[in-house]
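Everything below concerns the one structure shown next.
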Amino acid sequence: MNAKVVLLLVGVVVGGLVGYLTRPQAAELKLGPLSVEIQDKDSAVGARGGELTTGQLQHVGLFALIGAVVGFGAGFVADRSRR
């Protein structure tokens, strides 16, 4: 498999894992059509929560995207160094 693809996948997985482990604590309250989300600055590593809130999913997704970009860039560097 191509080094770019492998490092892209590794970057997505590592970025998603880091994002999941560093997600902010959050509580989401739903009252009919009204939905209020409260987030704390601290990490939610030790907290046992239920489903991820929208803000937490965005946090994890952003870290996965950053990991993908870094992994893809590393793939280009690795590909150039072989030539």
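Filter region 40-65 for residues that are surrounded by 15 or more Cβ atoms within 10 Å (Cβ to Cβ) and assigned to a loop (DSSP other than H, G, I, E, B); which is modelled with the lowest pLDDT?
A44
Quick check on V6: is it at pLDDT 85 or above, part of a helix (DSSP H, G or I), under 30 Å from S81 (Cβ atoms) and over 17 Å from the mean Cα position of the chain (by Cα)?
The answer is yes for V6.
I need a count of the residues in region 28-39 that are modelled with pLDDT of 70 or more and either under 27 Å from V70 (Cβ atoms) or surrounded by 11 or more Cβ atoms within 10 Å (Cβ to Cβ) (or both).
Residues in region 28-39 being modelled with pLDDT of 70 or more and either under 27 Å from V70 (Cβ atoms) or surrounded by 11 or more Cβ atoms within 10 Å (Cβ to Cβ) (or both): 4 in total.
The values are calculated or read from the model by the stated rules, or taken from the named source; none is laboratory data. Note that the coordinates shown come from a computational prediction; the quantities given were computed from them, not determined experimentally. All Cβ positions, glycine included, derive from the backbone under ideal geometry; neighbour counts span all protein chains shown.
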